[in-house]
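Inspection log for the structure reproduced underneath, given as structure tokens.
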């Protein structure tokens, strides 16, 4: 919205190239197996594949039948099988079973496995163990990045979060590095790279190694991406834990946005069938309301429908020529808009039904007091009641995690009682859930007696500041303590207000959480790349609440050291490899905020989806829809600084 | 046709020999009976008196089944409808096609198996003619109805009726017709006068055989060869056209002098032979017509019936059963007069050798000079196979054996195999058995099918001896036959259960591959449950025993068997079966008497308890007291749930504590719920929430009111109001509204829809927000008074 409104905003790079590249490679790989073949697709690759190549393209390249990779072996008569899969052990076993079953019954077929985005050694090992390595051919489909919209690209790797943060599995880092390499080769050298977090650092370093090995010839090209930000998800869990109140977020909460599209059920479409709608900037209605606070969406939509009616009404009193013009040029657009409008109004109604209930209001209230740190006792008993009444297992866990993070862990007494209550409500198997949540530091118990922060402050009195910082780092990496209070104070993440927060004319990013919280990752990007608070279109350049002094395009993390220390360190900042100085890096282009690795896409990264025992994750290479306003903000500011 | 009148014929023509002198003592002429003989030396069915039905309605026709040697296998008086045609299926079942289109199936012993109908159309128009035919799909039935339409079923095991298209202009029945099977499609060929029509699934087309003489005349008879490859057409001018059944090629033609329509015409040829001939039978005359212009004529002494076979024709008459075939090449070579073929020389040599004459050496030398000794031996072996007389077989085999002595590397298999085969063939050709298979037929039929046929004829001892002789694997051979025998044995109703069971066990013993449970299942099917149980005693595999016992509703026996077996899975099978079968009381009584089963039933749960117990120990070791306590509680809960499940016969296992208590209340077990609440120290608040929502779901408002008065609610009374409103029960909700504490009372009154009281409460509190809230709920039309009251109060409040 901000970017769209500004004439001096640089144009976003054409991410369509990524799509075309992926399609061409896929076709090439399919053609490697000439003749008719059956294609087996991994379930979670289906939606991304749909965005790259539809069924008719596949059919053109002699794909006969399509199957989903699942436990039941498919009864197929084809002589060639092609498997399009994620590199997973489970899937390898499935393929091996098919091959072995064919061998038993004396059938000979050709098998080809295409791994997306890359092949892992472990997969080949499994194939070898099962004795089918010689029977299959393997290929890689380097489909690292899927452009979901004009300004969002995603890796669509749902297992990243669990693998890396819970299991400590580092294999996907390589994929991240390769994705960076791809971006770098397509859109020119990055002006500057910033990163926070261990994973971000590893990914960056691996990417640098890859670049050195490949000696890319991208030098001297016009860079299209100014700066990149790599951030670990665990630097900012709070954003993922708060209830979404922006339109797009609520659509996701209610209907689940998958791969940039959503299925609107019969209650929305007011017909008897579901409609799949692509949610992106092409949708004229959606692009205008996606980032609006839900409270203002209805008003906007009704205004829009009045406008639309007015445009329709213009027909009256037209002469033939004008009418011809109208029908040939405008009518189609109007009709399209009309259809979209009715869909979004339907969606709004559905959301309203769910979210205007008493429970939801009270939950938001509890959430806000948790963020502000008031009435913790009351919030705790709210959560307890929430669990007792079996309102929703996931929401209960989410609130507990929020409580834990904002309070640096739960008081042992509360931890025990909440856990007991939870187990009573949902069964003892959730002992594991709690264990996992504890391991990734989402739901922890305060150590009895002294908290670590207390130890830390005592130590810092004894030694120099620098040493204290190091010791804190050590402590932090031990316990992964979140210093939510300190950080939010430093960066002003909790807006202090007198009176109501004006949601219609918000003065900062906090409006995405009804004025309760500014997403940390976005704030940091703002801090790093902002020179001053840029005037928002229609907004007044209010005094920024942030106490940190602002400089013109920060060199590195200068001035933010304290914050970074609280964020567990591992930060880095490197100026562009293209020789462009920090100042020139962004010339003519926005510092595009790419926070891959850990600024996981909000909806998928949310640990509150189901229990953590199965927490899914993917990371987006761009701000999530949820944090989008901040993302585009950062871009616009980058632009203003360079102009 | 007597044997003396049968010299060896010149090459290319048939030779006949007598198979049996028929022992059936027929009083009737064959022409008065309806005859059907099964191919491959199969049984013969006769229906006597069928034509005389109208004359003496008292005398029922008699259906008799004979072996090929004329031994009576079974007979029954025919009581069903008018029969049109008899025929045999490939598995030697008798098909009796009635006039109304019903087809009855009998086995070899005249025991009724089942019946099927050829459809309504046939029922209405009646069967005019019918033919039973064999194709790769199995045995089929084709019917010509009274309306001159054809209906057919290609496989009677998988009945699909097909009505063939109409033949245009067909007013009278065709003079002759046949069923052809080409490229897996079954078609009907019919002749009307001088025209030939081909009927396939969709259309009717006129066809002309290639090379047909223009003066051929009208067709009177047609014959399809055994393998459906060849077709012969006979016209009223005595012209016979022989060609491929596809009507694409003529093979040869023949002119015969006899003009009268023949009784039967069948092909007589052996597979892969180039000699083709048809045999045409008139009342007293038989003609073998082949490619040569001269046919061979035989005089028939009595009425005869021709049965086409794979490699020849069987000729049945009242007194004898003969076989007419083309002499096989090997036999021709050897037995041709003055033959100099190596085989003939070898036979001669061997004869001289036996006479101790030195001529033997001369003959042998002659063969060896031509280096034809291996051929000579093979020829003798082959010829022996085609011989019917054991003496000739022996002579030829002896010659082969003699020749073999002078060869270094002659593989013995063919000789040994031929000796075995001949022994088998001679055994089944015996008069008592009466299966006159030729070597060619036997090879086509295979030993497995032959054994099946012996089993069908209940010739179990012979079959077993053959298996032993041929050293067939037990499971394929002896055991299978014994099992068949046992299954037959259990059907013998005249013997006591004990006797039969013992006889079976005595015979079968521990033969591998015998499934006593299968025999028992058969006994059970025959209604002999006691026998089945006795037989099951012999079944060593409990896994087979138990399911049948359960099927026979001997569940207690099944349970003890299962327990004896020591197989827990089996016990579970029975226990779960019992649980569904019996009511709860009897179920537990049964288990009570079987402590093992009872404990296993418990263990199903205890197994999980055990796993949890292990986890508990580990948690203690790890000093994770919280988890240990949670696990302990879960163990306690599981045990409790098991009791609940037993007591209330409803699923409680695997529910969380909350859901368990909630379900108990839903089902009205308030005492038990209370007990859990105390035992697990469920917090008051949870319990109250849980209880009121469960009670509301149950609609038990009375209990809810009682509960609300039991003590002071820890969650207040607003939830009571809310939950009643949620269940659309305003009446109940109103009961609780006054008990809501003052600060929530406005909300409660609004919820129950009592705006007046809500307004009063708000005014009493002097709270502007509350007043506004109530105002917003007021509608102008109905609540004008309330609104006014509020507005006044608000104005007053603001003034101050």
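Read-outs: derived from the displayed coordinates by stated rules, not from any lab. In this text, all values refer to a predicted model and were calculated from it rather than measured experimentally. Here the Cβ positions follow ideal geometry from the backbone for every residue, glycine too, while neighbour counts run over all protein chains shown.
Miscellaneous remarks
- The alpha carbon convex hull volume per residue for the stretch B:716-799 rounds to 80 Å³.
- Spacing of the two label points (7 Å from each Cα toward its C-beta) at residue B:622 and residue A:105, in nm: 4.4
- The stretch A:301-358 versus the stretch B:752-795: alpha-carbon centroid distance in Å: 40
- Taken along its three principal axes, the alpha carbon spread of the stretch A:32-143 comes to 35, 29, 25 Å, from the longest extent down to the shortest.
- DSSP bridge orientation in the protein assembly as shown - percent antiparallel, rounded to nearest 5: 80
- Computed from label points 7 Å out along Cα-Cβ, the spacing between residue B:256 and residue B:511 is 4.9 nm.
- Relative contact order (%) - criterion: Cα under 8 Å, at least six apart; region: the stretch B:533-679: 11
- Peptide A:418-424 has a mean shielding of 6, counted as Cβ atoms of other protein chains within 10 Å of each residue's Cβ.
- Amide N of the stretch A:294-308 lying under 19 Å from the label point, which is placed 7 angstrom from the Cα of residue A:331 along Cα→Cβ: A:308
- Rounded FRET efficiency, nearest 0.05, which uses the C-beta distance separating residue B:564 from residue A:56 and R0 of 56 Å: 0.30
- Burial order of peptide ranges B:211-218, A:392-399 (average beta-carbon count within 10 Å, highest first): A:392-399, B:211-218
- Pairwise label distance in nanometres, residue B:529 with residue B:791, each label 7 Å out on the Cα-Cβ vector: 8.8
- Backbone N within the stretch B:470-496 under 13 Å of label point (7 Å from residue B:502 Cα along the Cβ vector): B:496
- Using the Cβ-Cβ distance between residue B:458 and residue B:203 with R0 set to 51 Å, the FRET efficiency works out to roughly 0.60.
- Fully extending the segment from residue A:89 to residue A:353, taken as 0.36 nm per residue of separation minus the present Cα-Cα distance, adds 90.8 nm.
- Once divided by 2.2 N^0.38 Å, the Cα radius of gyration of the stretch A:247-357 becomes 1.19.
- Normalised by 2.2 N^0.38 Å, where N is the number of residues, the alpha-carbon radius of gyration of the stretch B:46-176 equals 1.09.
- Each principal axis of the stretch B:264-310 carries a Cα extent, and these read 33, 24, 13 Å when sorted largest first.
- For residues of A:426-435, the mean tally of beta carbons on other chains within 10 Å: 4
- Per-residue average of Cβ from other chains inside 10 Å of B:631-639: 2
- Percent of alpha-carbon pairs separated by more than 50 Å within chain B: 49
- Scaled radius of gyration (Cα, divided by 2.2 N^0.38 Å) that the stretch B:99-167 gives: 1.10
- Normalised by the number of residues in chain B, the average gap of Cα pairs under 8 Å and 6 or more apart makes the relative contact order 6 percent.
- Treating r as the C-beta distance of residue B:362 and residue B:35 and R0 as 56 Å, the FRET efficiency rounds to 0.60.
- Cα radius of gyration and Dmax for the stretch B:122-232 (Å): 13.7, 44
- log10 of Debye I(q)/I(0), alpha-carbon scatterers only, for the protein assembly as shown at 0.05 Å⁻¹: -0.71
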